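FYI, it's all coordinate maths here, none of it is from the lab. Quick caveat: nothing in here was measured; it's all calculated off a predicted structure. Virtual Cβ from ideal backbone geometry, glycine too; neighbours counted across all protein chains shown.
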Amino acid sequence: MTDRAAALRAEGRDIISLSVGEPDFAMPAHVADAVRAALDAGDTKYTPVAGTPRLRAAAALHFQRDLGLATTPERVIVSAGGKQAIFHALLATLNPGDEVLIPAPWWVSYPEIARFAGAEVVALKTTAAGGFRITAEQLEAAITPQSRWLLLNSPGNPTGAVYSADALAALGAVLARHPQVLVMSDDIYAPLRYGSGTHATLAVVCPDLAERVLTVSGVSKSHAMTGLRIGVATGPAWLIEAMARLQSHSSGNPASLSQAAAAAAFEGPQDFLAEWRERFRARRDLCVAALNAVPGLSTPVPEGAFYCMVDAAPLADRFADDQALCLHLLEHGVAVVAASAFGGDFGFRISFATDEDRLTEALRRIAKALT
Ligand SMILES: Cc1ncc(COP(=O)(O)O)c(C=O)c1O
């Protein structure tokens, strides 16, 4: 897909990409100022492997303020992106034959990381009708003595699904019976929720499980800092230590200037987020209305993040697979990602982190390509 998109662009074709998972906004100005100030101050040396004391404290503040999760700087690790935190957590704990339970559709890196760590992936299928959420019964039926991790992601990529406190409590009741299972709560999109009320996260809803929950967050999505590569995680001390040991022999500390930026992001004003959320909400509504108006396409209203998971099953007989559907859309000037890449059924994911004019044009092209 990427090669074909590049080839079409080289021919002079205008391709609108709705495939990337990053906000199109510039990162907040005070964060850019913090990078410049850190550079001027010569902040370019090694830092402690698990992150600077300032950033670990700022991340603890973030977990408390934005997720309601009380933690301490010692129980926080800073990594080169949320992805690296997840990678180190799984690599530090998994052995061949272990099972990792992953609700599908999933973020593409989860199964790859689990398999890289030698584990078996167990897909827990979810559907649009079920809100793209797993149920307690489904979880209970999937757990075996080999189950080592459950990976939860709310709001979810690629579905935008959000777990309520009640839904998490039901899952927590199952997990309480299976002490061998660790839980990754990937809350990286928590600041980008469109519903009212506070964000629900497993370690808060089920404090009895807190000693086996790793909560992952970061600044990539909430502060449009994807390129700076900072993610943070908090969990039991033994796990944070194991992740830090691994990190010390892989990348070492995350980039010092990026850490200064992330500290400023967590410590500084958060009011820009309300405006970003409103922009995303308006785009979401635009996408949901336009996509559902195309015969053969349907998508639920995502409650968070900036993706729509689009079901295109009624069009399946026109294409060899959903990759072919996506290539067809590409020929009509829009790049999207096939649902099968996320372990989903025939369809595609769009990202609405694109400006309104381009988004409107892309939606027009999708409708034209399929009708
Ligand atoms: C669900 C989810 N978790 C984690 C990440 C990792 O983000 P990063 O490594 O850029 O901080 C992403 C990025 O796309 C994501 O979608």
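Summary of values
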quantity	calculated
Within the stretch 99-204, trypsin sites (Lys or Arg not before Pro) in DSSP loop having at most 16 other beta-carbon neighbours inside 10 Å	Arg177
Percent antiparallel among DSSP beta bridges (both partners in the chain, rounded to 5)	45
Where N is the number of residues in the chain, Cα Rg divided by 2.2 N^0.38 Å	0.98
Hydrodynamic radius by Kirkwood, which averages 1/r over all alpha carbon pairs of the stretch 147-302, in angstrom	17.6
Debye intensity ratio in log₁₀ form over the Cα atoms of the stretch 244-314, taken at each q of 0.20 Å⁻¹	-0.84
Under-5 Å amide H pairs with Ile16, H placed in peptide plane, nonlocal only	Val334, Ala335
Rg to Rh, two decimals, where the stretch 241-282 supplies the alpha carbon set and Rh follows Kirkwood	1.23
For q = 0.13, 0.17 Å⁻¹, Debye-computed log10 I/I(0) when each Cα of the stretch 268-364 counts as one equal scatterer	-0.46, -0.74
Sorted peptide list for 1-14, 70-83, criterion being average Cβ within 10 angstrom, highest first	70-83, 1-14
Rg/Rh for the stretch 13-157, where both radii come from Cα atoms and Rh is the Kirkwood radius	1.04
5 angstrom amide H check on Leu182, placed H, neighbours 5+ away	Trp149, Leu150
Kirkwood-Stokes translational diffusion coefficient of the stretch 313-371, alpha-carbon pairs, 37 °C, 0.692 mPa s, µm²/s	279
Longest to shortest principal axis, alpha-carbon extents of the stretch 72-168, angstrom	37, 31, 24
Estimated 222 nm signal from helices in the chain, with DSSP H stretches of n ≥ 4 weighted -39500 (n - 2.57), rounded to 500	-12500 deg cm²/dmol
Contact order normalised by residue count of the chain, Cα under 8 Å, 6+ apart, percent	24
Most mobile of Arg318, Arg279, Arg245 in a GNM of the chain (Cα contacts under 10 Å)	Arg318
Non-local Lys pairs in the chain, i.e. 8 or more apart or on different chains, that have alpha carbons under 30 Å apart	5
Column: log10 I(q)/I(0), Debye, Cα scatterers of the stretch 1-80, q = 0.13 Å⁻¹	-0.70
